[in-house]
Amino acid sequence: MCDHHDILRSNNKDLQSFEKQFDRRHFLKKTSLGIGALALGSLLNTEKAWANVGSNMPLFNKNKQGLPHHLPKAKRIIYLFQSGGPSQLDLFDYKPKLVDMFGKDLPESVIGGQRLTGMSGSQSTLPVAPSSLKFKQYGESRAWVSEAMPYLSEVVDDLCFIKSMQTDQINHTPAVTFFQTGHQLPGRPSMGSWLSYGLGSDNDNLPTFITLVSKNGKGQPLKASLWGNGFLPTEHQGVQFRSGKDPVLYLNNPDNYDGNDRKKMLDYLGRLNNIQNDAYGDPEIQARMTQYEMAYRMQTSVPEVTDTSDEPDHIFELYGKDSRDAGTYAANCLMARKLLEKGVKFVQLFHQGWDQHIGCPGGVRNQSRKTDQATAALIKDLKQRGMLDDTLVVWGGEFGRTVYSQGQLTDKNYGRDHHPKAFTMWMAGAGVKPGFSYGETDDFSYNVVKDPVHVHDFHATLLHLFGIDHERLTFKHQGRRFRLTDVHGHVVKDLLT
C-alpha cells in the first residue's frame with residue numbers, strides 16, 4: 001500500500017506534467033494569435049473599414065464575437081421596467097364592450113383552461129371588471145391611452161405599441177427573471193450582460209450596463225441576479241447606481257484616506273494576477289483585473305456623471321419636480337439620459353408598485369403620477385437632442401392583469417390578478433415603427449387573437465436592432481451553448497422600419 005508521501009509525490013508529478021502541457025499549449029496559442037493579430041493589423045486599417053460600414057458599428061470588439069452580424073439601428077438602450085405587471089386594460093388596451101358585461105362571470109370559453117393563480121383561482125365567481133378610467137385617441141396614429149397617462153398621450157406618435165405580448169410565467173419572481181434573462185430560474189445572464197459580452201463598451205471609464213432602481217416605488221423585491229452576468233465573465237454584470245452619497249457601494253475611499261497609494265496597490269495586484277493568468281489561463285482572472293481597473297477609473301467618472309446640478313431649469317421642469325430628488329423615477333430617467341451621453345450602452349430602470357390586486361384604479365393612477373411625466377419627458381429629451389434615432393426605449397412589466405376582478409367588485413373599485421397570456425408593452429426610437437400598434441386581443445383582453453409576441457420573440461427583435469443574430473450570440477457553459485432566446489424565438493420584422 002502506498003504511504004501518504006508516495007501519494008503526494010505522485011500527485012505533484014501529475015500536476016507538474018499537466019502544467020508543462022498546459023503551458024506549451026497556452027504559449028503556442030498566445031504566440032500564434034499574437035503574431036497573427038500583428039500581421040493582420042499591419043495589413044488592415046480596421047478603423048477606416050468600420051467607418052465605411054456605418055457610424056453605429058463599433059471600432060473594436062473586446063470579446064471578438066464577430067459582431068455585429070448586420071448593420072444595427074440601435075446604439076444604446078433604456079429599458080423602463082415597470083415591476084409588478086401594469087394593467088393593460090386600464091392604460092392602453094381599450095375594451096368598450098366590457099361595459100355591458102359588468103359583474104357578469106367571465107365565460108369559461110374565454111378562460112379556456114388557462115392557469116389561474118392561487119389568489120383568485122379559489123373564487124366562486126370571476127366577475128368582469130371594465131376599466132373605470134376614461135380613454136381617448138391621440139396623435140395622428142389615433143392610439144388609445146387612458147386618462148392616467150396624460151403626458152404619454154403627447155408622444156404616442158413616437159411609440160410602437162405591442163398589444164399581444166405573452167409570457168410563460170404567472171408569478172412575479174420567475175416572470176421578471178424570464179423577461180430579464182430568458183429563463184424562469186436565476187443564474188442565466190441578463191440582457192444587458194449579453195449585449196456587453198457581444199458588443200463591448202463605448203466608454204472605458206464607465207460600465208457598459210448600469211441599473212437604477214427608483215426609491216419611490218415599492219412592491220415585489222428585486223434581486224441582483226436580474227442584472228447579473230450569470231455564467232458570462234464577471235466584467236459583464238450590471239452595476240447598480242444608487243442615490244445618495246455613494247452611487248456605487250465600496251467605490252469611494254474610506255474616510256481620512258487620501259488614496260495616494262491605491263494606484264500603486266492596484267499595480268502590484270495586477271502583476272500578481274498577470275502571473276496567475278499566464279500560469280493557468282483562467283479567463284476569470286482577466287475579468288477580475290478588468291473590474292479592478294474599471295473601479296479605479298470610476299472613482300473620477302461616476303461623481304461627474306451622477307451630478308445633475310448643471311442641468312438647466314427647463315430640463316427639470318420637463319421631467320417634473322421629482323427629477324430634483326435623486327433616486328426617484330424621474331431623477332433616474334434624467335440620469336439615464338446622461339449615462340447614454342457618456343457612452344453607457346444599456347441602462348435599466350426598475351420601478352416597483354404595479355401589482356394592483358386590490359384598488360386597481362387608484363393604484364394605476366398613483367403609479368402613473370410617479371412615472372408618466374418623466375417617461376414622456378425622456379422621449380422628448382432624447383428626440384430634441386437627436387438621440388432617439390439610435391436609442392431604443394422600452395417600457396413594460398413582467399405580465400398583464402386579468403379582466404375579472406380579484407376580490408370584491410364595485411362600480412368604482414376592483415382588483416386585478418396576474419395575467420401572462422395577453423398584455424401590452426411599447427418601444428420607441430432606433431429602428432422601430434413610430435405611431436404604430438401591433439397585435440390584437442379579444443374583447444376581454446384575455447387572449448391574443450392576432451400576431452402574438454412571446455418574450456423570446458421580443459428578445460430576438462431587441463438583439464436584431466443592435467445588429468445581432470440571436471441564434472449566433474452564444475456562450476458555451478457546462479457542455480452546452482446557451483443564448484438569450486434559449487431554444488426558440490423569432491424577429492418580429494413588422495415592428496421594424
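The values are calculated or read from the model by the stated rules, or taken from the named source; none is laboratory data. It should be emphasised that the depicted structure is a prediction, and the values quoted were computed from it without experimental measurement. A quick note on method: Cβ atoms are made from the backbone with ideal geometry, for glycine too, and the neighbour counts reach across all protein chains shown.
A few remarks follow.
- Identification of strands (runs of 3 or more DSSP E) wholly contained in the stretch 434-490 with 2 or more residues that are more than 30 Å from P96 (Cα to Cα) and assigned by TED's automatic domain parsing to the domain that holds V156 yields 475-477, 480-482.
- The lone exception for N447 - which of (1) surrounded by fewer than 23 Cβ atoms within 10 Å (Cβ to Cβ); (2) within 21 Å of the chain's Cα centre (by Cα) it fails: (2)
- Any hit, the stretch 165-183, residues being assigned to a strand (DSSP E or B) and more than 15 Å from the chain's Cα centre (by Cα): yes
- Being out of contact with any Gly (no Cβ under 6 Å at 6 or more places or on another chain) and either more than 24 Å from E341 (Cα to Cα) or modelled with pLDDT of 95 or more (or both) holds for only one residue in P150, P127, P189, and it is P150.
- Options L349, L340, L266: the member that is part of a helix (DSSP H, G or I) and either modelled with pLDDT of 80 or more or in contact with a Lys or Arg (Cβ under 7 Å, 6 or more places away or on another chain) (or both): L340
- For the stretch 356-370, the tally of residues that are within 24 Å of T177 (Cβ to Cβ) and either buried (at least 24 other Cβ atoms within 10 Å of the Cβ) or in contact with a strand residue (DSSP E or B) (Cβ under 7 Å, 6 or more places away or on another chain) (or both) stands at 3.
- Unique match (being under 21 Å from the mean Cα position of the chain (by Cα) and not hydrophobic (A, V, I, L, M, F, W, C)) among T410, T371: T371
- Any hit, the stretch 371-389, residues being basic (K, R) and either buried (at least 23 other Cβ atoms within 10 Å of the Cβ) or over 24 Å from E154 (Cα atoms) (or both): no
- Among the residues making up the stretch 85-102, those that are outside any loop (DSSP other than H, G, I, E, B) and touching a Pro at 6+ places or on another chain (Cβ under 6 Å) are L98, V99.
- Applying the criterion of at least 2 residues that are modelled with pLDDT of 95 or more and closer than 17 Å to Y79 by Cα to the strands (runs of 3 or more DSSP E) found wholly in the stretch 356-424 leaves 391-396.
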